[in-house]
1. What accessible area per residue, rounded to a whole number of Å², is obtained for segment 496-543 using a probe radius of 1.4 Å?
2. Can you give me the relative contact order of the chain as a percent, contacts being Cα pairs under 8 Å and 6 or more apart?
3. If you restrict to DSSP beta bridges whose two residues both lie in the chain, what percentage is antiparallel, to the nearest 5?
4. For segment 452-532, with all protein chains present and a 1.4 Å probe, just round the carbon and sulfur fraction of the accessible area to a whole percent.
5. Could you work out the relative contact order of segment 520-644, using alpha carbon pairs under 8 angstrom and six or more residues apart, expressed as a whole percent?
6. Would you list, by chain and number, the lysines whose Cα falls below 20 Å from the Cα of Lys279, excluding same-chain residues fewer than 8 positions away?
7. Quick check: residue separation of Glu710 and Glu782 times 0.36 nm, minus the Cα distance between them. What number comes out in nm?
8. Quick one: of Lys359/Lys454; Lys191/Lys445; Lys300/Lys535; Lys723/Lys806, which pairs are farther than 29 Å apart, Cα to Cα?
Amino acid sequence: MAPIVLILVAFAAVLALGMMRSPLWGWAAAVGVWTLLATGGTIGWISWIVWLPFVALAVLSIPAVRRSLIVAPVFAQIRKILPRVSDTEAQALEAGTVGFDAELFSGTPDWDKLKSVPPIELTPEERAFLDGPTEDLCRMIDDWQVRHTLHDVPDDIWDFVKKNGFLGMLISKEHGGLGFSAQAQSLILGKIASRSPDVVTIVMVPNSLGPGELIEKYGTDEQKHYYLPRLAKGEEVPCFSLTGPTSGSDAATMRDIGYVTRGMHKGEETLGIRLSWDKRYITLGPKATLVGLAFRLFDKDNLLGKGEDVGITLALIPADHPGINIGRRHLPSGAAFPNGPNWGNDVFIPMDWVIGGDKMAGNGWRMLMECLSAGRAISLPSSGTAGAKMMLRVTSAYARIRKQFGLPVSRMEGIEEALVRMIETAYVNEAGRAMTAAMVSRGEKPSVISAMMKYQTTEKLRRAVNDAMDIHGGRGICDGPANYLQSAYQMVPVGITVEGANILTRTLITFAQGALRSHPYLYKEVLAAQNPDRKAGLADFENAFNNHIAFSLSNATGAFVHNVTGGAFVKSPDHALRMSDWYRQLGRASRSYAFVADLTVALLGGGLKIKQKITGRMADALSELYMLSATLKRYEDDGRPEGDDLIVELAAENALYRFQEAMSGVVDNFPVRWARPLMRAVVFPLGRRRKPASDMLGHRVARHALQPGEARDRLTRDIFVSKDVNDPTGLLEVTLEKVIAAEPVEKKLEKAIRDGVVRRYHGNDWFAEAVANNVITEAEAEQLREVERLVARVIAVDHFDPAEVKPNYVTLGHNARGAESLAAE
């Protein structure tokens, strides 16, 4: 047989065997057949050498031989060099569940699993609450009063949220709460966030990581029966104290300690804990009546029977308990929600104040991680998504109303470019939010996805807010009662920072933990290597290792084939219809990602933690795959609305381009140099061919989405939309409708002005002149006068007498104390 044919046959066989995850005996058989063809069946000294690969593979196909020659030595080496997974790392890894992220890590996503995630579903009670009390709360909020006049959330708002059960949405009905689903909580928080980031914070915190959720899941019966009804009714205002001066993102290194001892409580000697702590950045802290506290617990006399170092423990302490110091307020980005430090020294508490009692002592980190894996998927993604939708709603209205150079600024290409970015952000953020909340609603705790959603939605919001500010120009930067952008602009850095700073979440959590948690075999290999029972560990390792090798070969060959063929052979779901090509491209990208992720973990190992530029780019790439999956799902869940396919196409083009750029960054900068050409050959065999969405597509999206109607309403669904002309955002909505209605009349007037029939100057009533010259009717003139009055209000900015603003700064300057003076205390 001709050599070129043999080479092609060998190459095709390698690709086929790899993609099919053939067992080793299959490789041996294929090599045997190929060798037989190559040698023509003859046997001699040279042909014996050619047969050696077949012999080697055949021998290694025998499990006992393979175990002895390959698996056992690899197992021994890994046990020797693998850094031990710490208890806190293990608890973080095991706290959550694996969701659709595992499908993306697999390289062969199961589209049925994506489809099985429910669409947005609310009970009638939940929908009524969203449309009733939540809407009423939004109407009550005066953003300027909250963030400037009072610089606090007013009492009537606090009273309303307590009375209507907003603080107990996640507490079960059994214990007096509303018992709402995660989807409902997400939408309720989002609607409030679209009105006031400060007010949503006082609702968000009790329904996120804090005493309510911790007691519901881990508390003793006595704690549940006493505290949960009080928390649900707002009789207790909770805070949770985790972060301290020396333990921010690395909260596990906290220096806050407690010692098990006996002491006096209510006149009786009892077993308890003597605590000393120093916490800061505690949201709701200055208003709290119940302080949740995380600390390290030691028991030198082993009174609890858990050894001397019990571990991180969580306790509930009434804020008025002797020894607790509730500090004054921080001013995070000038926001108005209550936030401040608290501390205590040598404070004694009884053991039954530990959440879950003494049996849960030392389990605090696991409890926190389990709650955070779900809670982080709801709170900030809901506000980040609603914020992006609100930025689009108000900015699309303003850009249509505001004119420069004789036309609405929305029709200028430079403005349109930013508006199209905002459309994409609003659509994609909502797609990710809805899908992730649905996962949590059905009981999942997607730890990797929740981290990804937190950093992605808040980063996308940051860009959307900046675009909104750029388009509004001076209207956006001049603060006052009429400014509807400043509160979002102030709060964006807070969302970026809390619940794991985005830099940390992106570079250390999403991929570094995700690779272990979501990879089908890697974590099993790590656990097996660290099993104290060497024999059992080797057995577990062998099974995972063999499957891992087949998995790696499959992704390497599969990625190459799909990238050469443009994803033509990737399976797309039957229901995809016109979106089938995007599913294929997504599956193709998933194969590439799985290959690079596998190689990255194998070659960098424990060094992943310090190669944060690499892990950050891998996190970005994974995020694009997940958000595109959610985008495709949203289009189906929404019923494939006419025109929305343009938004999906735009989002898909841009997502795959960003995916390509992230992967390019990994390949070009990979620390192991010899691996770069291998990665490049598999992932980019035909070069880097992806481009962002075209200007023409963006223009078509803008025309579809920016006019008042179903598309714009769908993009900004479930946020607060006012129609009150005395409300800054309501004024926008009313003016937009009237500007569009008056457009035919305005065109007649503009033509008359260009022709010199009507003169538009200050001091001249050009509307009356137009009527006098039979350009427009009297009724049309009145219509234009009303529009002009409304437009003047829309574009107006607030201004103040210096005496109104100066005293605030003087007072602040006199009362503020620097960090040095506080530290001295």
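1. That works out to 44 Å² per residue.
2. Reported as a whole number, the value is 14 percent.
3. Given both bridge residues lie in the chain, the antiparallel proportion sits at roughly 80 percent.
4. 61
5. Worked out over segment 520-644, it gives 18 percent.
6. Of all the lysines, those that pass the test against Lys279 - Cα under 20 Å, at least 8 places apart if same chain - are Lys287.
7. 23.0 nm
8. Among Lys359/Lys454; Lys191/Lys445; Lys300/Lys535; Lys723/Lys806, the Cα-Cα distance tops 29 Å for Lys359/Lys454; Lys300/Lys535; Lys723/Lys806.
The values are calculated or read from the model by the stated rules, or taken from the named source; none is laboratory data. Fair warning: this is a prediction, and the values are worked out from it, not measured in the lab. Using ideal geometry, Cβ is built from the backbone for each residue, glycine included, and neighbour counts are taken over all protein chains shown. Side chains included, ligands, DNA and RNA excluded: accessible areas come from the protein's heavy atoms. Shrake-Rupley method; radii C 1.70, N 1.55, O 1.52, S 1.80 Å.
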